[in-house]
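Report on the following structure.
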Amino acid sequence: MPFTANRQFKQTPRMLVSASGMYYRTDDGRPILDGTAGLWCVNAGHCRPEIVKAIQAQAAEMDYAPAFQMGHPGAFDFASQLTALLPAGLDHVFFTNSGSESVDTALKVALAYHRARGEGQRTRFIGRERGYHGVGFGGISVGGIVTNRKAFGTMLPGVDHLPHTHGRSQQAFSRGQPEWGAHLADELERIVALHDASTIAAVIVEPVACSTGVLVPPKGYLERLRVLCDKHGLLLIFDEVITGFGRLGTPFATDYFGVTPDVITAAKGLTNATVPMGAVFFQKKIYDAFMTGAEHMIELFHGYTYSGHPLAAAAGLATLKVYKDEGLLTRAADLNDYWADAVHSLKDARHVVDIRNLGLIGAIELDPLPGQPTKRAFTTFLKCFEKGVLIRTTGDIIALSPPLIVEKAQIDQIVETIRDALAGVE
Ligand code: PMP
């Protein structure tokens with residue numbers, strides 16, 4: 001099973017057999033309140049009839065169409081609607097099938113972009129400690145999670161990592177963006193000085209690093225990265241696979257922070273996770289580098305059999321309509337204070353050493369059990385599941401990201417279930 005300690009995993013897997021709205025149902029018929037939107041992806045809630053119908057209709061109309069030198073209207077329509085949602089300038093789309101493929105596409109295009117402009121010596125990437133960018137070779141190379149890297153030998157050459165932005169003693173229990181830590185972006189200057197800007201293609205970060213425990217960017221940090229990337233001619237890539245589609249109360253994190261990157265990667269909420277799909281959004285200057293200009297121009301030979309798959313495009317179009325019709329792209333903003341109060345009310349719960357939140361994301365960090373650093377969170381996960389609430393854990397951090405349709409009473413239920421569970425954890 002993916003991302004599972006398979007050797008230790010002796011029990012029968014917990015089986016989820018159906019889902020609707022805010023709930024999963026297990027094979028023994030128990031409802032499970034979804035505190036994690038699946039894997040940060042079912043933003044509009046489960047099995048939305050409008051989306052189901054659109055997928056069914058498309059499957060009956062045309063199952064598949066090759067995307068090389070041809071297309072189908074759904075993919076172009078979806079691309080147009082997506083770029084209308086993005087900040088001005090980010091107006092070209094490349095479809096993939098997952099977040100990992102979106103990241104590899106973004107990295108490859110960054111290299112090819114510089115080459116197309118006659119700066120092919122820009123081949124280095126800068127990622128960040130505790131960054132997660134999927135499991136392709138590009139993604140694990142710029143990512144900063146050693147357990148995802150150590151079994152696989154040589155990574156992409158020429159990658160450096162910025163420090164992560166979490167300072168426990170300076171930031172503990174900060175609500176929203178921490179005050180401390182903008183200066184950590186200046187590490188980029190040190191890395192640039194080491195290699196020279198002319199060798200570096202791009203910097204990639206998650207605006208909020210979610211998978212490694214919700215590391216919220218300090219105030220001013222992303223702004224500073226943007227300034228430094230501009231100064232040195234580096235592309236700035238925001239990996240918005242989780243933060244895209246309303247998670248922060250704005251369509252994308254770029255809107256929330258007011259910092260516009262050159263490239264955005266997306267997946268998950270793009271189709272409400274119904275049909276696998278990813279997308280990469282590019283600034284016009286990147287598109288233009290391939291489409292106009294001098295003799296050294298190169299073609300972008302890249303693509304997937306399923307790029308812009310008809311079922312995924314249909315699911316995406318229906319998903320966008322639900323997001324818009326129900327105001328889900330801004331709902332996290334409406335719930336912000338309620339959510340922050342609820343999550344931070346766990347401050348006095350047993351074992352809790354830090355709490356972080358932004359948009360409809362929360363993290364509750366536990367004091368690790370000596371010698372068993374993931375045990376308390378995992379035990380909490382098991383107890384919550386028994387009590388009918390799905391949470392996620394990474395290390396000794398509990399991560400929350402309910403579907404954006406969550407009601408206040410359900411937020412209370414998630415938080416009180418965790419409080420009860422923690423009380424029983426040794
Ligand atoms: N980037 C980020 C920021 C992610 O959170 C994820 C998945 N959690 C990925 C990339 C990889 O996406 P996928 O699992 O669809 O390949």
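The values are calculated or read from the model by the stated rules, or taken from the named source; none is laboratory data. Just so we're clear, the structure is a prediction, and the values are computed from it rather than from any experiment. Cβ coordinates were reconstructed from backbone atoms using ideal geometry, including for glycine residues, and neighbour counts include every protein chain displayed.
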Practice task
Name the helices (runs of 4 or more DSSP H) wholly inside region 125-224 in which the number of residues that are small (Gly, Ala, Ser), surrounded by 22 or more Cβ atoms within 10 Å (Cβ to Cβ) and assigned by TED's automatic domain parsing to the domain that holds ARG247 is 1 or more.
Solution key: 137-142
Practice task
Could you grab me the full set of residues in region 61-71 that are of a type in the set (Gly, Ala, Ser) and either modelled with pLDDT of 95 or more or part of a strand (DSSP E or B) (or both)?
Solution key: ALA65
Practice task
Take SER211 and decide whether it is within 16 Å of the ligand (Cβ to nearest atom) and modelled with pLDDT of 95 or more.
Solution key: yes
Handout entry: Among the residues listed as THR330, THR319, the single one being crowded, with 21+ Cβ neighbours inside 10 Å and hydroxyl-bearing (Ser, Thr, Tyr)
Key = THR319
Handout entry: Selection count where residues are of a type outside the set (Lys, Arg), in contact (Cβ under 8 Å) with a residue 60 or more places away in the chain and surrounded by fewer than 19 Cβ atoms within 10 Å (Cβ to Cβ), scope region 30-54
Key = 4
Handout entry: Pairs, first part of a helix (DSSP H, G or I) in region 97-108, second crowded, with 21+ Cβ neighbours inside 10 Å and of a type in the set (Lys, Arg), C-beta under 9 Å, six or more apart
Key = GLY99/LYS268
Handout entry: region 279-316, residues that are assigned to a loop (DSSP other than H, G, I, E, B), surrounded by 14 or more Cβ atoms within 10 Å (Cβ to Cβ) and at pLDDT 95 or above
Key = GLY303, TYR304, TYR306, SER307, GLY308, HIS309
Completion exercise
Scanning region 142-163 residue by residue, those more than 16 Å from the ligand (Cβ to nearest atom), farther than 16 Å from THR199 by Cβ and in contact (Cβ under 8 Å) with a residue 24 or more places away in the chain turn out to be PRO163
Exercise for the section: Examine region 321-330 for a residue that is among the small types (Gly, Ala, Ser) and at negative phi, and state whether such a residue exists. Expected result: no
Practice task
Hey, can you tell me all the residues within region 12-29 that are surrounded by 13 or more Cβ atoms within 10 Å (Cβ to Cβ) and modelled with pLDDT of 95 or more?
Solution key: LEU16, SER18, ALA19, SER20, GLY21, MET22, TYR23, TYR24, ARG25, THR26
Fill in the blank from the handout: Restricting attention to region 2-34, the residues that are in a loop (DSSP other than H, G, I, E, B) and away from the ligand (no atom under 16 Å from the Cβ) number exactly 16
Practice task
Evaluate region 133-141: report whether one residue or more is away from the ligand (no atom under 16 Å from the Cβ) and free of Cβ contacts under 8 Å to residues at least 24 places away in the same chain.
Solution key: no
Exercise for the section: Starting from residues that are buried (at least 24 other Cβ atoms within 10 Å of the Cβ) and basic (Lys, Arg), keep the ones in region 231-278 and report whichever is nearest to the ligand (Cβ to nearest atom). Expected result: LYS268
Problem - Only listed residue being free of Cβ contacts under 8 Å to residues at least 40 places away in the same chain, more than 18 Å from ILE242 (Cβ to Cβ) and hydrophobic (A, V, I, L, M, F, W, C), chosen from PHE290, PHE301 - result: PHE301
Handout entry: Of all residues in region 119-132 being of a type in the set (Lys, Arg) and within 11 Å of ALA201 (Cβ to Cβ), the one that is farthest from the ligand (Cβ to nearest atom)
Key = ARG122
Exercise for the section: Report yes if some residue within region 229-243 is in contact with a Phe, Trp or Tyr (Cβ under 6 Å, 6 or more places away or on another chain) and not in a loop (DSSP other than H, G, I, E, B); otherwise report no. Expected result: no
Practice task
Return a yes/no flag: does region 40-60 have any residue that is modelled with pLDDT of 95 or more, among the charged types (D, E, K, R), under 25 Å from the mean Cα position of the chain (by Cα) and in a loop (DSSP other than H, G, I, E, B).
Solution key: yes
